[in-house]
Each structure stands twice: as C-alpha cells, then as structure tokens.
Amino acid sequence: MLKQRLITAAILIPLVVMSILYLPTMIMQWLLAAVVVLAGIEWFSIISYKKKSELLFSMTVLAFITVIFGLFLQSILSFVTLIIWVLISLIIIQYAHRSLPARLQRLLLQRLSGLIIASIVLALFLLMSVHLHKSSDLGPQQLLYVMVLVWLADTGGYFAGKKWGRTSLAKAISPNKTWEGVAGALVLGLVWAGIAYSLGLAGEITLLSWSILSVVSLLVSIVGDLFESLFKRCHQVKDSGNLLPGHGGMLDRIDSLIAAVPVFAAGVYFLGA
C-alpha cells in the first residue's frame with residue numbers, strides 16, 4: 001500500500017505543480033473541472049446516484065449550480081463561500097462527539113438534498129480555484145501554496161497524531177483524528193506559511209494577516225475532511241472510490257482542498273491581494 005501511495009504521488013505531484021504554475025487559466029479551469037467531475041461521480045455514488053441516468057441528472061445539477069454561481073460577482077461568491085464553510089464548521093464542531101439529530105441525518109441521507117449540498121461545495125471549489133488562479137501574477141503560486149499547505153498539514157497531522165495522539169478531535173465522525181494531530185498540522189503549516197511569505201507569495205498581505213489566513217484555511221481543511229467523513233458515515237461507506245492506487249478515490253484526495261482553497265481564495269480577495 002505504501003509503495004503504491006509513493007508511486008502515485010511521485011507521478012501526480014509534478015503534474016499538478018507544473019499544470020498550476022505554467023498552464024493558462026483557460027486550460028487550467030478545464031483540468032480542475034475534470035477533477036471536480038471525477039470527485040462528483042464518487043460523491044454522488046455515495047448518495048446513491050449510481051445508474052447512468054442518475055449520474056447524468058446529478059451532473060446536470062452540478063453544472064447548473066456551477067453556472068449560477070459563476071454569474072455572481074466575485075465579492076458575492078467569496079461571501080457565500082465563507083458563509084457556507086462557517087455553517088459546515090459549526091455543524092462539525094457541534095456534533096464532533098455526538099450523533100447528528102434526526103433532522104440533519106435526513107438532510108444528508110435524502111438524495112436530492114445531499115446532491116445539492118455536494119454540488120454547492122464542489123462548485124465553490126471549482127469557481128474559487130479559478131478566481132484565485134487568474135486573480136494576479138501571484139495567483140498560480142498562491143493556488144499552489146494553499147494546496148501545499150493542506151498536503152503538509154495532512155502529513156504533519158498524520159505523524160504527530162500517530163506518535164502523540166491521545167485526545168480525540170471528533171470521536172463521532174472520525175475516531176482516529178486527534179488534537180495532537182491538529183497541533184502537528186499547525187506547526188508544519190506555519191513553517192510553510194513563513195517560508196512562502198519570505199518568498200513573496202503573500203503579495204501586499206502583511207505577515208500577521210497571511211499567518212491568520214493560513215491557519216484558518218488549514219483548520220477549514222480539517223473541517224472539509226471531517227465533512228466528507230460525516231457524509232460517508234451517514235451512508236455507511238468507507239472509501240469514496242479506488243481511482244488512485246494507494247490513495248482511494250479522487251474525493252478522498254481533495255476533501256480537504258475543497259474546503260481550504262475556496263476559503264483561502266476568499267480571504268485573499270477580501271485582503272486585497
């Protein structure tokens with residue numbers, strides 16, 4: 001399993017880095033759309049949209065919501081992004097250690113409402129990623145920055161949690177995650193934030209604002225991971241898929257990014273960078 005993970009990562013990471021840094025946004029947006037479609041297929045299958053006709057319907061809903069959101073001014077879309085992830089974060093915090101109430105369970109289990117929630121989250125990830133990529137000369141580097149931030153946070157969280165993990169973070173959602181893992185993620189994330197700031201990736205953002213934005217994005221990435229886990233737990237599914245050898249499905253690989261990237265992009269926009 002470890003060998004497969006390393007081989008897959010060795011192939012994908014250079015491709016992702018080169019694509020983000022060197023492809024124009026016009027092409028990059030279609031690559032991001034392909035990733036969203038693959039993740040969407042897995043997410044919609046979890047919700048029980050599995051037949052061809054059902055997947056076609058679910059993709060139509062995703063495309064419709066994406067188009068509608070795409071008509072919003074960036075200021076409004078950024079505000080909507082923050083509101084959505086604040087609400088999701090509050091749900092995760094509230095029910096980290098206890099079962100969801102019946103009303104919320106029905107909301108996630110009901111096929112149409114589950115489809116709409118998933119489509120909103122995926123559409124925001126796609127649109128805000130594109131906005132960040134094209135926002136300025138630093139846009140591609142900042143998009144790569146927040147992705148690396150999440151990857152390093154996952155790494156720091158995994159190793160710190162494995163070595164020192166004792167205190168459960170969200171026992172009712174993902175029992176293996178711990179607060180010690182969060183601490184490890186924050187340490188590695190802040191080191192990366194400092195390095196990136198020294199390289200000029202923050203643009204006109206101050207060090208304090210850059211650090212706060214990075215910490216918030218990192219914490220929201222954990223919420224994104226837990227939110228996907230909550231969906232899978234409600235539907236009694238272990239993995240979203242097996243598209244990527246050693247890594248599971250596409251959704252499993254981007255569950256943290258679909259939260260962190262939109263929030264980071266919104267922060268960059270409101271900070272005027």
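Scanning segment 219-229 turns up no residue that is surrounded by fewer than 18 Cβ atoms within 10 Å (Cβ to Cβ), at pLDDT 95 or above, touching a helix residue (DSSP H, G or I) at 6+ places or on another chain (Cβ under 6 Å) and not small (Gly, Ala, Ser).
Quick check on segment 152-174. Is at least one of its residues under 15 Å from residue 216 (Cα atoms), touching a Leu at 6+ places or on another chain (Cβ under 8 Å) and of a type outside the set (Ser, Thr, Tyr)? So far as segment 152-174 goes, yes, one or more of its residues are under 15 Å from residue 216 (Cα atoms), touching a Leu at 6+ places or on another chain (Cβ under 8 Å) and of a type outside the set (Ser, Thr, Tyr).
Counting just the residues of segment 230-241 that are at pLDDT 85 or above and of a type in the set (D, E, K, R), which one comes out surrounded by the fewest Cβ atoms within 10 Å (Cβ to Cβ)? Once the filter is applied, the top-ranked residue is 233. Checking each residue in segment 49-73 for being surrounded by fewer than 18 Cβ atoms within 10 Å (Cβ to Cβ), within 25 Å of residue 229 (Cβ to Cβ) and modelled with pLDDT under 95 picks out 50, 54, 55.
Report whether or not residue 214 is in contact (Cβ under 8 Å) with a residue 24 or more places away in the chain and surrounded by fewer than 20 Cβ atoms within 10 Å (Cβ to Cβ).
Working: in contact (Cβ under 8 Å) with a residue 24 or more places away in the chain: yes; surrounded by fewer than 20 Cβ atoms within 10 Å (Cβ to Cβ): no.
No, not satisfied.
Within segment 70-125, the residues that satisfy the criterion of being out of contact with any Leu (no Cβ under 8 Å at 6 or more places or on another chain), farther than 20 Å from residue 265 by Cβ and of a type in the set (Val, Ile, Thr) are 93, 116.
Take residue 111 and tell me if it is basic (Lys, Arg), in contact (Cβ under 8 Å) with a residue 60 or more places away in the chain and surrounded by 13 or more Cβ atoms within 10 Å (Cβ to Cβ). Yes. With the structure loaded, tell me whether residue 208 is crowded, with 18+ Cβ neighbours inside 10 Å and assigned to a helix (DSSP H, G or I) or whether it fails that test. The answer is no for residue 208.
Just checking, does segment 242-250 include any residue being part of a helix (DSSP H, G or I), surrounded by 19 or more Cβ atoms within 10 Å (Cβ to Cβ) and at pLDDT below 90? Let's see the steps before the verdict.
First, pick out the residues of segment 242-250 that are part of a helix (DSSP H, G or I): 250.
Next cut, surrounded by 19 or more Cβ atoms within 10 Å (Cβ to Cβ) only: 250.
This time we only want the ones that are at pLDDT below 90, so: 250.
Yes, some residue in segment 242-250 is part of a helix (DSSP H, G or I), surrounded by 19 or more Cβ atoms within 10 Å (Cβ to Cβ) and at pLDDT below 90.
Restricting segment 74-94 to residues that are loosely packed, with under 14 Cβ neighbours inside 10 Å and among the aliphatic types (A, V, I, L, M) leaves a set whose member that is farthest from residue 133 (Cα to Cα) is 93.
For segment 173-184, state whether one or more residues are touching a residue at least 60 places away in the same chain (Cβ under 8 Å) and under 21 Å from residue 98 (Cα atoms). Walk me through it before giving the result.
Keep residues of segment 173-184 that are touching a residue at least 60 places away in the same chain (Cβ under 8 Å), which gives 173.
Filter again for under 21 Å from residue 98 (Cα atoms), leaving 173.
Yes.
Determine which member of the set 41, 46, 13 is modelled with pLDDT under 95 and within 21 Å of residue 146 (Cβ to Cβ).
Numbers: 41 fails: within 21 Å of residue 146 (Cβ to Cβ); 46 fails: within 21 Å of residue 146 (Cβ to Cβ).
Within the list 41, 46, 13, the selection yields 13.
So is residue 169 outside any strand (DSSP E or B) and either of a type outside the set (Phe, Trp, Tyr) or touching a residue at least 12 places away in the same chain (Cβ under 8 Å) (or both) or not? In short, no. Kindly evaluate residue 269 against the criterion of being over 21 Å from residue 83 (Cα atoms), crowded, with 16+ Cβ neighbours inside 10 Å and among the aromatic types (Phe, Trp, Tyr). So residue 269 fails the test. Look at segment 133-149: where a residue is assigned to a helix (DSSP H, G or I) and a partner is modelled with pLDDT of 95 or more and aromatic (Phe, Trp, Tyr), sitting 6+ places away or on another chain with Cβ atoms under 6 Å, you get 146/264; 149/192.
Does residue 106 meet the test of being outside any helix (DSSP H, G or I) and within 30 Å of residue 169 (Cβ to Cβ)? Judged against the criteria, residue 106 is not a match.
The values are calculated or read from the model by the stated rules, or taken from the named source; none is laboratory data. Keep in mind that what you see is a predicted model, and the values were worked out from it rather than measured. Cβ: placed from backbone, ideal geometry, glycine included. Neighbour counts: every protein chain shown.
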